[in-house]
Amino acid sequence: MKKKILIIDDEEMIRLSLAEGLKDMGYSVDAASDGKEALEKARVFAPDMALLDMKLGDENGLDILPKLKDLDSDIEVVIMTAYGDIESAVKAIKLGAYDYINKPFNLLEIDVIIKRVVSKQEQKNRLFTLEKSKGQQSYESNLIGEDPLMLEVLEKINILSKNDDVTVLIRGETGTGKDLVASAIHNHSIRKNRNMLKVNCASTPEQLMESEFFGFEKNAFTGANTGKKGLMEVADGGTVFLDEIGEMPMNLQSKLLTFIEDKNFRRVGGLANIEVDVRIIAATNKELEKAIKNKEFREDLYYRLNVIPLHLPPLRERGQDIILLANHFLEKYSKKYNKNINLFTDEAIDKLLNYQWPGNVRELKNVLERAVLLGSKEKITAKDLPLIHEVARDKNNKVEKDISLYPNFSLEKEVENMERKYIKLALEESENNYTKAAEILGLSRYALKRRLEKYF
Ligand SMILES: Nc1ncnc2c1ncn2[C@@H]1O[C@H](COP(=O)(O)OP(=O)(O)OP(=O)(O)O)[C@@H](O)[C@H]1O
Ligand SMILES: [Mg+2]
């Protein structure tokens, strides 16, 4: 992805020669001759950096600098000053310029500064990415699977990595590996050295979502003291992963559709169309067809996203992959916790193969981490594998058998205890992700929230 540089100078010769030189060096360049044009161009061109002349006819570069920063605080401005005008240079730095360069200068001098700006911005974007994925699991690079259903998935990942413009919709139950597959597609595509930014549509507040996606201009709303780039701009050249897209509000769905079709968008409060090159990967475990019927999801967006359907099969349908994955996690956690556990008993294997795995690979992983952590022998036995739905069965039988023995039996209390217990288990299972916990429990998020308020 080329870095974008805006040249702001009133001398045509300088604009032309600088633009030509910078283009030859591989940068994308636009130019403006005065403050007004500079701001217009900055809006549309969305530069990473501006080279701003200190003297533009009657105008002073120092007056234009804050306006550029207001438009987008991420634009790094380098001031071009007359030789010896240290005073203005210092003022410019105080006003937020990145650096200054004395005129006349040669292209190599300016290239050194540009490279410093680029490395600073990349550093910042990396932090942004880390910030975004904080609290989420770090990506594991290896996708394990040999079942024919998984081989088909791997083949599609391969195709999608090579076609880096195709929008992808990944579907599958919770814990089937949608995140992992999204990273695999990005990491094997030519976009791999650019950002992959992830947003969870279920946990981003609805009123912030648009500005989070598309950025905003100064004064777009109260408190917007400067303009800001949104995810789509920061991810330019890379990938944006929209997780739980089924939860995206309708009005943003139409904006997203327009963005995917036109490859450009407007910041909140902005008038200019900004162009970027971003691949969208979306994921959901929701039945979008049902959501479409209920008018909660746009049909046109669905078709636009679902060009090549990528469905991750539930773990229970992956046959021997269960054992393959179980062995993988066994080895991983044995190493992590310094244990010497490397086998399953036959009973344990039966139990793994016969279980429904509602939480899929994530559940298997968690069950094995627990088993290894608590296990003391060389083999994992069936007893070492407490499975959430098994607990449900045992408990039901027990209540039926023992009910006459309870002198103060209260159905309401029993149900409450049970609810509390399963909510706890589901929260553990989902690592405190309410959306997932609600799904495991078969509740709406709202219903889960009400119960959390009641019991905890
Ligand atoms: N095929 C696989 N091989 C190895 N690890 C896997 C595989 N599939 C999933 N995992 C692991 O299982 C866990 C859950 O996967 P992931 O977060 O990608 O699921 P998901 O489908 O995004 O779930 P959710 O719908 O809850 O967001 C992760 O730790 C992931 O690394
Ligand atoms: Mg996920």
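The values are calculated or read from the model by the stated rules, or taken from the named source; none is laboratory data. These numbers come from a predicted model, not from an experiment. Cβ: placed from backbone, ideal geometry, glycine included. Neighbour counts: every protein chain shown.
For the stretch 6-40, filtered to residues that are of a type in the set (V, I, T) and touching a helix residue (DSSP H, G or I) at 6+ places or on another chain (Cβ under 6 Å), the residue that is surrounded by the most Cβ atoms within 10 Å (Cβ to Cβ) is I8.
Out of N327, N340, I need the residue that is outside any strand (DSSP E or B), within 16 Å of ligand 1 (Cβ to nearest atom) and either of a type in the set (S, T, N, Q) or touching a Phe, Trp or Tyr at 6+ places or on another chain (Cβ under 6 Å) (or both). Which one?
Details: N340 fails: within 16 Å of ligand 1 (Cβ to nearest atom).
The conditions single out N327.
Taken over the stretch 109-144, the criterion of being under 18 Å from K2 (Cα atoms) and at pLDDT 80 or above is satisfied by I110, D111, V112, I113, I114, K115, R116, V117, V118, S119. Here N200 meets the list (1) away from ligand 1 (no atom under 16 Å from the Cβ); (2) within 30 Å of N432 (Cβ to Cβ) almost entirely, failing just condition (1).
Can you tell me which of T204, T226 is more than 12 Å from the chain's Cα centre (by Cα) and surrounded by fewer than 22 Cβ atoms within 10 Å (Cβ to Cβ)? Write out each step before concluding.
On the way: T204 fails: more than 12 Å from the chain's Cα centre (by Cα).
That would be T226, the only listed residue that is more than 12 Å from the chain's Cα centre (by Cα) and surrounded by fewer than 22 Cβ atoms within 10 Å (Cβ to Cβ).
Within 16 Å of ligand 2 (Cβ to nearest atom) and within 30 Å of I260 (Cβ to Cβ): does that describe N360? Don't jump to the end; show me each part of the working.
On the way: within 16 Å of ligand 2 (Cβ to nearest atom): yes; within 30 Å of I260 (Cβ to Cβ): yes.
So N360 passes the test.
Yes/no per residue for (1) touching a residue at least 24 places away in the same chain (Cβ under 8 Å); (2) surrounded by 21 or more Cβ atoms within 10 Å (Cβ to Cβ); (3) not assigned by TED's automatic domain parsing to the domain that holds A438:
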{"position": "D300", "(1), (2), (3)": "yes, no, yes"}
{"position": "K335", "(1), (2), (3)": "no, no, yes"}
{"position": "L352", "(1), (2), (3)": "yes, yes, yes"}
{"position": "V361", "(1), (2), (3)": "yes, yes, yes"}
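Given the structure, is L252 within 14 Å of L169 (Cα to Cα) and either within 16 Å of ligand 2 (Cβ to nearest atom) or surrounded by fewer than 23 Cβ atoms within 10 Å (Cβ to Cβ) (or both)?
Values: within 14 Å of L169 (Cα to Cα): no; either within 16 Å of ligand 2 (Cβ to nearest atom) or surrounded by fewer than 23 Cβ atoms within 10 Å (Cβ to Cβ) (or both): yes.
No, not satisfied.
No other residue among L373, L368, L325, L330 is over 25 Å from T258 (Cβ atoms) and modelled with pLDDT under 90 apart from L373.
Looking at K335, K351, can you tell me which residue is among the basic types (K, R), more than 30 Å from the chain's Cα centre (by Cα) and either part of a helix (DSSP H, G or I) or at pLDDT below 90 (or both)? Explain how you work it out, then say what you get.
Numbers: K335 fails: more than 30 Å from the chain's Cα centre (by Cα).
Exactly one of K335, K351 is among the basic types (K, R), more than 30 Å from the chain's Cα centre (by Cα) and either part of a helix (DSSP H, G or I) or at pLDDT below 90 (or both), namely K351.
I280 fulfils the conditions (1) closer than 30 Å to D48 by Cβ; (2) assigned to a loop (DSSP other than H, G, I, E, B) except for a single criterion, (2).
Evaluate the following for D236: is it surrounded by fewer than 18 Cβ atoms within 10 Å (Cβ to Cβ), of a type in the set (D, E, K, R) and in a loop (DSSP other than H, G, I, E, B)? Here the answer is no, as D236 does not meet what is asked. Screening A46 on (1) modelled with pLDDT under 90; (2) farther than 26 Å from S119 by Cβ; (3) buried (at least 17 other Cβ atoms within 10 Å of the Cβ) shows it passes everything except condition (2).
Could you go through the stretch 204-212 and let me know if any residue there is of a type in the set (V, I, T), within 16 Å of ligand 1 (Cβ to nearest atom), in contact with a helix residue (DSSP H, G or I) (Cβ under 7 Å, 6 or more places away or on another chain) and in a strand (DSSP E or B).
Residues of the stretch 204-212 of a type in the set (V, I, T): 204.
Among the residues that remain, those that are also within 16 Å of ligand 1 (Cβ to nearest atom) are: 204.
Retained after the next criterion (residues that are in contact with a helix residue (DSSP H, G or I) (Cβ under 7 Å, 6 or more places away or on another chain)): 204.
Retained after the next criterion (residues that are in a strand (DSSP E or B)): none.
Taking every residue of the stretch 204-212 in turn, none turns out to be of a type in the set (V, I, T), within 16 Å of ligand 1 (Cβ to nearest atom), in contact with a helix residue (DSSP H, G or I) (Cβ under 7 Å, 6 or more places away or on another chain) and in a strand (DSSP E or B).
Among the residues of the stretch 160-176, write down those that are away from ligand 2 (no atom under 13 Å from the Cβ) and under 25 Å from K286 (Cβ atoms). Result: L160, V166, T167, V168, L169. State whether one or more residues within the stretch 53-67 are of a type in the set (A, V, I, L, M, F, W, C) and either touching a residue at least 60 places away in the same chain (Cβ under 8 Å) or closer than 26 Å to K263 by Cα (or both). Checked the stretch 53-67: no residue is of a type in the set (A, V, I, L, M, F, W, C) and either touching a residue at least 60 places away in the same chain (Cβ under 8 Å) or closer than 26 Å to K263 by Cα (or both).
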